[in-house]
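What follows is one structure encoded as structure tokens, with my remarks underneath.
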Amino acid sequence: MAFTLINARPSPFGRKVAIALIEKGIAYDVQYDVPWGDLTCTPDYSPLEQLPILITDHETVYDSAHILDWLEARFPEPALMPMQIDARLDAMKRRMLGERLMEVAQALIFELVRPDPSAPWADRQTRKVTGVLNELERLYSVRAQDAASPLDLGDIAVATTLLGIEFALTSGLSPDIAVLRWRTAHPALDGATAALDARPSFAATRPQMMDFNLQATVA
Ligand SMILES: N[C@@H](CCC(=O)N[C@@H](CS)C(=O)NCC(=O)O)C(=O)O
């Protein structure tokens, strides 16, 4: 079966899907698109008009979280979710927090590049980022005690979000927002992310810039 991933750069959402495909041993081609551009093909494949989109011979699947669930259902081996119920619920919680953190961080960045940002609204998003980072730090402190735990979708979601945030800051895509510099105050997340980032699936999908104007996108 042929797989095409339509992706945007440097999308943490698309990277999440690419990592899951590689971990499952599924070969795929990548096509890049700019969903904000006049020539975008994204609406041809997704009513949400968002990337990533995964196209196979028989199906078109969109939204990164839904694509991960679809992959797990259609290609269960190797499993990226534990079968044991407590481990599974823990992975689901880490995955949910990782996915929501990306959205909150994105909302904060977009607000702060607006010409007249709302301070109360930005403060609220800042509190959410702090709270989620602290909760993930607690969860990964526990997870670090079991060095043998296999990779799961929680790890992929959390690491792609944290590395995506870091890339946005270091590449200048985002302004320097103190709460988004997550490494120093969160040693368990620092350690877990470094280990995950050393995997071949992460090495093969490092974020890269494309010609992208955040200010124009927000406007
Ligand atoms: N919840 C979506 C978010 C994806 C997303 O925001 N994708 C961006 C590219 S990185 C996009 O397509 N934005 C265009 C838009 O929102 O209209 C997912 O996880 O797939």
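The values are calculated or read from the model by the stated rules, or taken from the named source; none is laboratory data. As the structure is a prediction and not an experimental result, all values here were calculated from the model. Note: ideal-geometry Cβ built from the backbone for every residue, glycine included; neighbour counts use all protein chains shown.
May I ask you to verify whether PRO47 is in contact with a helix residue (DSSP H, G or I) (Cβ under 9 Å, 6 or more places away or on another chain) and within 25 Å of MET96 (Cβ to Cβ)? Answer is no for this residue.
Listed conditions (1) farther than 17 Å from ALA157 by Cβ; (2) of a type in the set (Lys, Arg); (3) more than 10 Å from the ligand (Cβ to nearest atom) are all met by ARG9, apart from (3). Taking (1) surrounded by 12 or more Cβ atoms within 10 Å (Cβ to Cβ); (2) more than 21 Å from MET92 (Cβ to Cβ) in turn, PRO120 satisfies each apart from (1).
Residue count for the stretch 35-67 satisfying the condition of being near the ligand (Cβ under 8 Å from one of its atoms), under 27 Å from GLY25 (Cβ atoms) and among the charged types (D, E, K, R): 1. For the stretch 68-119, the set of residues classified as within 16 Å of the ligand (Cβ to nearest atom) and of a type in the set (S, T, N, Q) consists of GLN106 only. When LEU136 is tested against (1) under 19 Å from ALA194 (Cα atoms); (2) modelled with pLDDT of 95 or more; (3) not in a helix (DSSP H, G or I), only condition (3) is not met. Contact annotation: residue pairs with Cβ atoms under 7 Å, 6 or more positions apart or on different chains, pairing a residue in the stretch 61-74 that is in contact (Cβ under 8 Å) with a residue 12 or more places away in the chain and aliphatic (A, V, I, L, M) with a partner that is outside any helix (DSSP H, G or I) and surrounded by 14 or more Cβ atoms within 10 Å (Cβ to Cβ), are ILE67/PRO52; ILE67/LEU54; ILE67/VAL61; LEU71/LYS24. Selection of the stretch 165-206 for residues being more than 17 Å from PRO150 (Cα to Cα), of a type in the set (Asp, Glu) and surrounded by 13 or more Cβ atoms within 10 Å (Cβ to Cβ) yields GLU166, ASP190.
Would you mind finding the one in LEU89, LEU80 that is assigned by TED's automatic domain parsing to the domain that holds THR205, modelled with pLDDT of 95 or more and closer than 27 Å to LEU196 by Cβ? If you could, list the steps in order and put the result at the bottom.
Details: LEU80 fails: assigned by TED's automatic domain parsing to the domain that holds THR205.
Criteria check complete, one pass: LEU89.
For VAL142, the test of being in contact (Cβ under 8 Å) with a residue 60 or more places away in the chain, out of contact with any Pro (no Cβ under 8 Å at 6 or more places or on another chain) and not assigned by TED's automatic domain parsing to the domain that holds SER64 is failed. Taken over the stretch 19-41, residues that are buried (at least 18 other Cβ atoms within 10 Å of the Cβ) and either of a type in the set (Asp, Glu) or over 19 Å from the mean Cα position of the chain (by Cα) (or both) amount to 2.
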